[in-house]
Amino acid sequence: NSSPIPIALEAISDGYDEGGAAQAESIDAYLERFWQIGPQTLTELVEKMNASSVPVDCIVYDSILPWALDVAKKFGLLGATFLTQSCAVYCIYYHANRGFLKLPLTGNEILLPGMPPLEPQDMPSFVYDLGLYPAISDLVLKNQFDNIDKADWVLSNTFYDLEEGVVEWLGRHWSLRTIGPTVPSTYLDKQLEDDKDYGFSMFKQNNESCIKWLNDQAKGSVVY
């Protein structure tokens, strides 16, 4: 079907509607507020959509926002958590969360199922240096595993042949589905000629592209 697929965009609040994380006094304050307001506004969004012609059947959410699954189950919906990194990374996080990988790291060799022998410096920064990002570290090593066993599906940004051993191991614990890699088309099937990057970054401002896009829209058509 060559016709465009209709995709409706809706927003929930993080509690800082005027400036996002930059408005908060600290990352800890931002996350605390988001975890208070996020579930409330997601609940309101589901209620609104359920009263419309397009009710919600399933919520797919980033794994570091496990409260989204709680909202889904409150409405009797399916919930799918999305692991945005490789299965190898989440295997490491999982073992740290369950206490199978003792932190802080000791010794020179780390053995985990489905993976080759690793050294401490091979570990993700949240594991290798516990004090580096304390607020985000809790999200990564603790919170995202709070209710992952209750998710209907665990979607992973990888493909089977890339991480066969780890995928097999995690698949014995979760209802795992590999749906990756979620990379631009130019690196895969090249169906989208200009699809070379995502066009956004957490670490690099892209004001020029944003302003250009806004200028291309009809007057009074964009709500920010």
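Read the figures in this text as sums done on the coordinates, not as results from a lab. Because the structure is predicted, anything quoted here is derived from the model rather than measured. For neighbour counting, all protein chains shown are included, and Cβ atoms are generated from backbone atoms with ideal geometry for every residue, glycine included.
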From the P(r) of segment 92-209, can you give the percent of Cα pairs sitting at distances over 17 Å?
-> 69
Give the long-range amide H neighbours of Val60: residues separated by 5 or more places, or on another chain, with amide H under 5 Å away, using H modelled in the peptide plane at 1.01 Å from N.
-> Ala80
Mind checking the angle between helix 27-50 and the chain's longest principal axis? C-alpha axes, 0 to 90 degrees, to the nearest 10.
-> 60
Gain in length, Asp161 to Ala22, computed as 0.36 nm per residue apart minus the alpha-carbon separation, to one decimal in nm?
-> 46.0 nm
Long-range HN-HN contacts of Ala24 with modeled amide H, under 5 Å | none
For the chain, what is the mean residue ellipticity at 222 nm derived from helices alone (per DSSP H run of n ≥ 4: -39500 (n - 2.57); sum divided by total residues; nearest 500 deg cm²/dmol)?
-> -10000 deg cm²/dmol
Segment 2-41 and segment 137-179: distance between their alpha carbon centers, rounded to Å | 24
At a Förster distance of 22 Å, what's the computed FRET efficiency of Leu130 paired with His173, Cβ-Cβ distance as r, to 0.05?
-> 0.35
Applied in sequence order to segment 8-13, the curve 6.51 cos²θ - 1.76 cosθ + 1.60 (Karplus, θ = phi - 60°) yields integer Hz couplings, x standing for Gly and Pro, of 9, 9, 10, 10, 10, 9
Using only Cα atoms, tell me the angle between helix 87-98 and the longest principal axis of the chain; keep it within 0 to 90° and round to the nearest 10.
-> 70
Identify the GluC sites (Glu not before Pro) of segment 74-174 meeting these criteria: DSSP loop state and at most 11 other C-beta atoms within 10 Å of the C-beta.
-> Glu109
How about segment 1-104: which GluC sites (Glu not before Pro) there are in a DSSP loop, with at most 11 other Cβ atoms within 10 Å of their Cβ?
-> Glu10, Glu18, Glu25
Distant-in-sequence amide H partners of Gln85 (H built 1.01 Å from N, under 5 Å) | Asn157
